[in-house]
């Protein structure tokens, strides 16, 4: 994964070294990213999609079919956080 993550107050930014794009995360998106980072495989690879969805739905009680959640998941897949 070629990203740089920095926490800023309640939110965060992710910088993608491949595209030179910066993504600003809302406080809610920051919580999701950090929860996914905690279950990332030891080799630093992406979190399997099924595990990511289970974490959001079961542990964080987040509806994964809302447009805002779907947009965040697409971004995290593009960045290689989720497989």
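None of the figures in this text is laboratory data; all of them are computed from the coordinates on show. Please read all numbers here as calculations on a predicted model, not as lab measurements. All Cβ positions, glycine included, derive from the backbone under ideal geometry; neighbour counts span all protein chains shown.
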Qualifying helices (runs of 4 or more DSSP H) (wholly inside the chain; at least 3 residues being without any contact (Cβ under 8 Å) to a residue 24 or more places away in the chain and at positive phi): none
Evaluation of residue 36 against (1) under 16 Å from residue 7 (Cα atoms); (2) surrounded by fewer than 11 Cβ atoms within 10 Å (Cβ to Cβ) (one fails), failing number: (2)
